[in-house]
1. Using the 2.2 N^0.38 Å rule of thumb for compact globular proteins, work out how segment 55-214 stacks up: its C-alpha Rg over that value, please.
2. Which Cα, out of Ala325, Gly347, Gly359, lies furthest along the positive dipole direction of segment 319-370 (beta carbon charges, K/R +1, D/E -1)?
3. What does the charge dipole of the chain about its Cα centre add up to, to the nearest 20 debye, if the Cβ of each Lys and Arg holds +1 and the Cβ of each Asp and Glu holds -1?
4. For segment 135-207, evaluate the Debye formula with one uniform point scatterer on each Cα (no solvent term) and list log10 I(q)/I(0) at q = 0.13, 0.25 Å⁻¹, rounded to two decimals.
5. For the pair Glu276 and Val166, what calculated FRET efficiency results from E = 1/(1 + (r/R0)^6), where r is the Cβ-Cβ distance and R0 = 30 Å, to the nearest 0.05?
6. Can you tell me which lysines have their Cα less than 21 Å from the Cα of Lys7? Leave out same-chain residues fewer than eight positions away.
7. Quote the charge dipole size of segment 133-304 about the Cα centre in Debye, to the nearest 20; the model charges only the Cβ of Lys and Arg (+1) and of Asp and Glu (-1).
8. Given the DSSP H assignment, sum -39500 (n - 2.57) over each helix run of at least 4 residues in the chain and divide by its residue total; what's the result at 222 nm in deg cm²/dmol, nearest 500?
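Read-outs: derived from the displayed coordinates by stated rules, not from any lab. Quantities reported herein were computed from a predicted structural model and do not represent experimental measurements. Every residue, glycine as well, gets a Cβ built from its backbone with ideal geometry; the counts of neighbours run over all protein chains shown.
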Amino acid sequence: MRVGVPKEIKNHEYRVGLVPGSVREYVQNGHEVLVQTGAGAGIKVSDADYEAAGAKIAPDAASVFSSSDMIVKVKEPQPSEWVQLREDQILYTYLHLAPDPDQSRGLMESGVTAVAYETVTDIHGGLPLLAPMSEVAGRLSIQAAAYALTAHQGGRGLLMGGVPGVLPAKVLVIGGGVVGTHAARMAVGLGADVTILDRSNRRLAELDELFGGRAKTRYSTFEALDEETDVADVVVGAVLIPGASAPKLVTRDMLKGMKEGSVLVDVAIDQGGCFETSKATTHADPTYVVDDVIHYCVANMPGAVPLTSSHALNNATLRDGLLLANQGLDALRRDENLRNGLNVHRGKVTYKAVSEALGVDYVDPMDALG
C-alpha cells in the first residue's frame, strides 16, 4: 500500500502525521511512504531525514493525495483537502465530525473511508488514540490559563500558585477524564487551589485517591457549577462524549457571575465547546473576551508543542495504522475496536453519535463495509 503524509495546513498546525521512526515501520512492513516536502518542518525534521527512513518525497499535496491508498494526517482535512479524497482511499486522522457538518458532507461526497483517531477504542472502552493529545491539551490548558491571567493579557493579574502570604488562584476543572486529570495535575503542581467536578462517583473517588487531598472533588450539578464558577479564577472545560458534540455546561448567565479578568479554557472546543459562549480560536489569535471573562478556545492546542505531540501521537496511532495498511478494509471488519473509529464509508455515516448530531441516517459499520 502507498501511504501518503501531506503537510498540515490548519492555522498554526505544526504536527505531522508520521515521524521518521513511524515511516521506517511502514517501510519495514512492505509499504511505500510518500511524504510531502516540508511536512516535518514544524518538528525540525528535514526531507533528508524522511528519505533516510525510507520515504519518498512528493513536491506538493496534490501529488500525495492523488497517488496514495491511505492518507495519514493529524487534523481534520480542510476544504482544499477533502475535495482531493476519493472512494478507494482510507483517511486516518482526527476528524471531530459532530460539530462540523461541512467537513462531514465533504467526506461523504468524496466516498473516502474515514477512520477517526478520537473514536477508536481499546478493550477497556478507553480512547487510546485520543488520550495522548488529551494529556498534552490538559497540561497546556494550565499554561495557557496562567499566561492569560497576567495583567498585560487582560487577566486578573494573579500568579497561579500565589506566594507565601498571598492566596493562589482558584482553578475549576470540569470533567475528571484524561484532560481534566492532567490539567489538575499541572495546576496542583503550580500550587493552585484546584477543584474537579465530575458526574461519576467512582471517578471522583479515584481522583481523591490520586491527588491525596491536594485537589478537591465535587459531584457535578448545575448548582455546583454555578457556585464554583462564581469563585473561580480559571475554569477548564474538559468534558467529552465520544464522537458527539460537547454539552454546553457553563451558561451565559453563569458567566455574568464570574470575576472580571477570570479565564475560561475550553479544551472541548474540537467537539463544539462546553461553554455557551465558546467559539473556536487559533494560536495566532487565541483569546477573546465576553462579559469581562477571557476565553481561550484554540481548536488544536497540542499543535503548539508539535515535537512532543507528534511523537506522542505516533506512539498511539502506529499499531492501528499498520493494521489498516497491512489489511486494508479487512482490518476494520476483523477488529471491533478499530472499527469503532470508522465514521464515514463510501458516503455513509457509520458512527451513531455523529449521525445524531448531523441529523443524517446511521448505517452500521459492518453493513457499510459489506
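1. On the way: Rg = 20.9 Å, N = 160, 2.2 N^0.38 = 15.1 Å.
That works out to 1.38 for segment 55-214.
2. Ala325
3. Details: 33 positive and 46 negative charges, 98 e Å.
In debye, rounded to 20, the chain gives about 480.
4. Result of the Debye calculation: -0.38, -1.09.
5. For Val166 and Glu276, the calculated efficiency is 0.40.
6. In chain and number order, the partners are Lys44, Lys56, Lys73, Lys75.
7. Values: 15 positive and 20 negative charges, 58 e Å.
Charge dipole of segment 133-304: 280 debye, to the nearest 20.
8. Details: 15 runs with 136 residues, N = 370.
It lands at -10500 deg cm²/dmol.
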